[in-house]
Amino acid sequence: MSETEENKILVRRFFEELWNQGNMVVAHELLAPTHVHHFPDGDIDGPDGVMQLVSTLRTAFPDFYMKTDDVIAEADKVVMRFTIRGTHQGEGMGSPPTGKVVTYTGIDIFRIAEGRIVERWGEIDALGLMQQLGALPPA
């Protein structure tokens with residue numbers, strides 16, 4: 001199997017095992033100790049920071065599910081386009097539980113080194129998410 005294919009499998013495991021199943025144990029296996037997740041509003045550092053993010057989102061959306069729409073890889077980079085669906089049943093996302101089912105999309109770019117994810121750049125449709133939650137008026 002090529003290194004590019006191995007990198008795609010690693011990213012799929014990151015989404016399926018950590019995000020969809022909530023298996024926090026795999027964070028230290030899949031993410032480099034120096035991992036940085038770049039968001040438009042700031043970075044999250046290390047596997048522990050990512051586990052906190054996953055925990056926060058899975059608390060707010062207990063039925064959180066991320067569906068893979070596309071995976072593209074070249075050299076040490078993997079790009080994943082995805083759709084997230086969940087019901088806002090817990091605290092988080094800046095508002096009390098609304099009971100609303102939301103669906104939003106995103107694209108992540110991962111950099112892989114030595115079989116681990118060392119960087120991730122994430123973009124989601126935050127405006128659409130906040131509108132669905134009722135935190136912002138529709139456009």
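The values are calculated or read from the model by the stated rules, or taken from the named source; none is laboratory data. What you see is a predicted model, and the numbers here were worked out from it, not measured in a lab. Here the Cβ positions follow ideal geometry from the backbone for every residue, glycine too, while neighbour counts run over all protein chains shown. Surface accessibility is based on the protein's heavy atoms, side chains included, excluding ligands, DNA and RNA. Shrake-Rupley method; radii C 1.70, N 1.55, O 1.52, S 1.80 Å.
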Hits in segment 25-62 - residues which are touching a Leu at 6+ places or on another chain (Cβ under 7 Å), among the hydrophobic types (A, V, I, L, M, F, W, C) and open to solvent by less than 30 Å² (accessible area, probe 1.4 Å): Val26, Ala27, Leu30, Val50, Val54
Output for segment 106-118, where each listed residue is open to solvent by less than 40 Å² (accessible area, probe 1.4 Å) and touching a Lys or Arg at 6+ places or on another chain (Cβ under 6 Å): Asp108, Phe110, Val118
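Would you confirm, using the coordinates I've provided, whether Arg111 is among the basic types (Lys, Arg) and under 20 Å from Gln21 (Cα atoms)?
It is false that Arg111 is among the basic types (Lys, Arg) and under 20 Å from Gln21 (Cα atoms).
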Segment 1-34: number of residues that are assigned to a strand (DSSP E or B), touching a residue at least 24 places away in the same chain (Cβ under 8 Å) and more than 16 Å from Lys77 (Cα to Cα): 1
Which listed residue is under 25 Å from Glu6 (Cα atoms), in a strand (DSSP E or B) and open to solvent by 30 Å² or more (accessible area, probe 1.4 Å), from Thr103, Thr68: Thr68
Given (1) in contact with a helix residue (DSSP H, G or I) (Cβ under 9 Å, 6 or more places away or on another chain); (2) open to solvent by 70 Å² or more (accessible area, probe 1.4 Å); (3) at pLDDT below 95, number of the condition Gln89 does not satisfy: (3)
Single residue of segment 119-139 satisfying the filter (in contact (Cβ under 8 Å) with a residue 40 or more places away in the chain and more than 16 Å from the chain's Cα centre (by Cα)) that is most open to solvent (accessible area, probe 1.4 Å): Ala135
